[in-house]
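Visitor: Below you'll find the structure I mean.
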Amino acid sequence: MGSTRRSYTAEYEAQSTSYVIGGETVAEVARNVGVHEITLGKWVKMERQERE
């Protein structure tokens with residue numbers, strides 16, 4: 001059985017990361033938007049690096 005990768009739009013990622021940067025927890029946002037916490041954490045890390 002092969003695994004399938006889901007792809008997300010840049011807009012979806014940006015919206016999701018904005019919730020975390022705005023003060024919500026990664027776990028809460030990940031649960032609400034339907035992505036894994038590690039995936040969302042990576043998006044947030046990349047966004048914070050870009051902002052620096």
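Visitor: Could you please tell me the mean projected area of the C-alpha convex hull for the stretch 10-51, averaged over all directions and given in square nanometres to one decimal?
Guide: That works out to 2.5 nm².
Visitor: Calculate for the chain the 222 nm mean residue ellipticity that helices alone would give, adding -39,500 (n - 2.57) per DSSP H run of length 4 or more and normalising by residue count, nearest 500 deg cm²/dmol.
Guide: On the way: 3 runs with 35 residues, N = 52.
Calculated mean residue ellipticity at 222 nm is -20500 deg cm²/dmol.
Visitor: Over the chain, what is the mean sequence separation of C-alpha contacts under 8 Å (at least six apart), divided by residue count, expressed as relative contact order in percent?
Guide: Contact order relative to length: 31 percent.
Visitor: Turning to a different aspect of this structure: Looking at the chain, identify the longest residue range that excludes and avoids all trypsin sites (Lys or Arg not before Pro) in DSSP loops having at most 12 other Cβ atoms within 10 Å.
Guide: Counting only loop sites that pass the neighbour cut-off, the longest clear stretch is 7-52.
Computed from the coordinates by the stated procedures, all read-outs in this text should not be read as laboratory data. Computed from a predicted model, the values in this text were never measured in an experiment. Here the Cβ is made from the backbone with ideal geometry for all residues, glycine too, and neighbour counts use every protein chain on show.
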